[in-house]
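What follows is a single structure, written as structure tokens, with notes after it.
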Amino acid sequence: MAAYRVMLHRDQLVHDPELLALLESNTTCRWIGARRQIIAYPISRNTIYNISTAHPDVHFAAEPTASWTTRADKSAMLDVYSDFCPLVHRMLALVPEGNVCEWKLRVHHPLKTWVEGNVALVGDACHPTLPGAAQAIEDGATLGVVLGKLTNSNDIHAGLLVYERLRKERTEYLVAQAAASAVALQLADPDAQAARDEAFRQVKYGGSNPDRSVDRQMQDFVYGHDCIKEAEEHFDEYLAVAKGV
Ligand SMILES: Cc1cc2nc3c(=O)[nH]c(=O)nc-3n(C[C@H](O)[C@H](O)[C@H](O)COP(=O)(O)OP(=O)(O)OC[C@H]3O[C@@H](n4cnc5c(N)ncnc54)[C@H](O)[C@@H]3O)c2cc1C
């Protein structure tokens, strides 16, 4: 998949009351369609409307390239979303010509290990997630606790294994959940779409949300987790195992 990422400033939106209302809301909007979706929300104290899309990457190359962004053509972007609603057309039409960038979105298989000697990977380098910034931040916080507790520089490798043990399962689960959510939001089969839309309707009666990022239980799992407390609680036990004591 690939994404267009767009930021519209207030002065570009003031002439369109419907778009201005979106900028002034504190709401995230999603427009979902077959194999494509758009998510948008105000940022920078409601001065900028941030838009991110997802669609099949037609420039997909089997070989990795040095760059993960491509300068894209505005008319191609408008084409991709031509069957979306008029509001979306007006929003995308405001993007200045020559200012369209297409990002590649990729899913990686879990790595066998994040640690080699005294070097460890963190964040997207070891668990690229859409979205996943909170996971990179938790990695940093966990590393801080673990390294802060070491008293002997000979234990750095074992300490990094403790960090990996604390983080790997959780982040891999969340990467898989993010991927599953993307699939659910971009279904092309009409029957599957109808079942998903029914699941959306059932959310208010306690059903789980096909959009995992706003599912109540998932939000508790993501934001209710105290990675620092967990690291402090398990450090001694995990370090002993890592050192083979
Ligand atoms: C389109 C898109 C939308 C997303 N939306 C969200 C979202 O809404 N919410 C969310 O939580 N997450 C989102 N994410 C995920 C989030 O951006 C990442 O999980 C997060 O940025 C990972 O942080 P990181 O520090 O590991 O890596 P990065 O943020 O990628 O930071 C790595 C840094 O290292 C630099 N770097 C690379 N190579 C070198 C080098 N050799 N020398 C020096 N510096 C180098 C890079 O330039 C970069 O600044 C999104 C990702 C994408 C692609």
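Quick notes
- Within the stretch 1-10, the residues that satisfy the criterion of being farther than 11 Å from LEU94 by Cα and open to solvent by 70 Å² or more (accessible area, probe 1.4 Å) are ARG5, ARG10.
- Hits in the stretch 113-136 (condition: near the ligand (Cβ under 6 Å from one of its atoms) and of a type in the set (S, T, N, Q)): THR129
Conditions tested, residue by residue: (1) assigned to a loop (DSSP other than H, G, I, E, B); (2) basic (Lys, Arg); (3) open to solvent by less than 70 Å² (accessible area, probe 1.4 Å).
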| site | (1), (2), (3) |
| --- | --- |
| LEU166 | no, no, yes |
| ALA195 | no, no, yes |
| LYS204 | no, yes, no |
| ASN209 | yes, no, yes |
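- Residue in the stretch 101-108 that is under 29 Å from ARG36 (Cβ atoms) and more than 14 Å from the chain's Cα centre (by Cα) present: yes
- Check on ASP139, near the ligand (Cβ under 8 Å from one of its atoms) and modelled with pLDDT of 95 or more: yes
- Residues of the stretch 101-133 classified as assigned to a loop (DSSP other than H, G, I, E, B) and basic (Lys, Arg), total: 2
- All positions within the stretch 110-161 that are among the basic types (Lys, Arg) and without any contact (Cβ under 8 Å) to a residue 60 or more places away in the chain: LYS112
- Residue list for the stretch 174-187, filter: over 13 Å from the mean Cα position of the chain (by Cα) and assigned to a helix (DSSP H, G or I): VAL183, ALA184, LEU185
- Total residues in the stretch 217-245 satisfying the condition of being at pLDDT below 95, outside any loop (DSSP other than H, G, I, E, B) and of a type outside the set (Val, Ile, Thr): the figure is 6.
Yes/no per residue for (1) under 22 Å from GLN177 (Cβ atoms); (2) surrounded by 12 or more Cβ atoms within 10 Å (Cβ to Cβ):
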| site | (1), (2) |
| --- | --- |
| LEU23 | no, yes |
| PRO86 | no, no |
| VAL122 | yes, yes |
| ALA125 | yes, yes |
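- Taking the stretch 32-43 as the range and being open to solvent by 40 Å² or more (accessible area, probe 1.4 Å) and either closer than 18 Å to SER82 by Cα or of a type in the set (A, V, I, L, M, F, W, C) (or both) as the test, the residues that pass are ILE32, ARG35, ILE39, ILE43.
- Selection within the stretch 88-112: residues that are of a type outside the set (D, E, K, R), over 30 Å from VAL14 (Cα atoms) and loosely packed, with under 13 Cβ neighbours inside 10 Å. The member of this set that is nearest to the ligand (Cβ to nearest atom) is HIS108.
The values are calculated or read from the model by the stated rules, or taken from the named source; none is laboratory data. Everything quoted here is computed from the prediction, not taken from an experiment. Positions of Cβ are generated from backbone atoms using ideal geometry, with glycine treated the same way; all protein chains shown enter the neighbour counts. What goes into the accessible areas is simple: the full protein's heavy atoms, side chains included, and nothing from ligands, DNA or RNA. Shrake-Rupley method; radii C 1.70, N 1.55, O 1.52, S 1.80 Å.
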